[in-house]
1. Determine if segment 79-90 includes at least one residue that is small (Gly, Ala, Ser) and not in a loop (DSSP other than H, G, I, E, B).
2. Is it the case, given these coordinates, that Gly129 is in a loop (DSSP other than H, G, I, E, B), farther than 26 Å from Asp22 by Cα and of a type in the set (Gly, Ala, Ser)?
3. Take segment 1-14 and flag every residue that is within 14 Å of the chain's Cα centre (by Cα) and of a type outside the set (A, V, I, L, M, F, W, C).
4. Could you list all residues from segment 144-178 that are surrounded by 14 or more Cβ atoms within 10 Å (Cβ to Cβ), of a type in the set (A, V, I, L, M, F, W, C) and in a strand (DSSP E or B)?
Amino acid sequence: MPGHLRVYIACSLDGFIAGEGDDLSWLPEDDVAHPEEDMGYERFIGEVGALLMGRRTYDVVRGFDVEWPYGDRPVIVATRRPLDADPPPSVEASQGSIEELAERALARAGGRDVWVDGGDLIRQALDAGLIEELVVTLIPVVLGRGYPLFAGVEQRQRFEVVDTESFAGPVQITLRPV
């Protein structure tokens, strides 16, 4: 069975995926009191064969002072600009329509799912009807400004709530487009 395009993302109560200047300090850090609560990330990433990532998201992740978090999993970065001088070996730059990018990512995923990451790419994929599932974790914070998750979609999007789960603070909603 071929893979699907899926989203796994956190956002503030007012719908931002990052604060101004790509600020992510509002995201919960590993919670020592609740280490078992990975909010389904390990299960999700275990089903992912490749990532389709926006350029801004790539730049932010590369700016973290950590080892590349996706290992040797293929990552296609949607960009028209060259990547940094020494990208991880599994990373490639690509350009084209959202349909072309999705097709490339699915081919690289080897029959597994593709994680679409980055606000602009998520909106494009939603408008194109390519997203099969969204896992949105609402973090109980209001940022007021930043980079919105859904603002700018070209058409109204309706979803079916498939699951909800509460953690020590965040609430996760699993959605499927209707």
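The values are calculated or read from the model by the stated rules, or taken from the named source; none is laboratory data. These numbers were taken from a predicted model, which means no experiment stands behind them. All Cβ positions, even for glycine, are placed from backbone atoms using ideal geometry, and neighbour counts span all protein chains on display.
1. No: zero hits.
2. yes
3. Scanning segment 1-14 gives His4, Arg6, Tyr8.
4. Correct list: Phe159, Val171, Ile173, Leu175.
One line per residue, one yes/no per condition, for (1) closer than 23 Å to Leu175 by Cα; (2) modelled with pLDDT of 95 or more:
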position: Gly3; (1), (2): yes, no
position: Gly15; (1), (2): yes, yes
position: Arg43; (1), (2): yes, no
position: Leu51; (1), (2): yes, yes
position: Gly71; (1), (2): no, no
position: Val77; (1), (2): no, yes
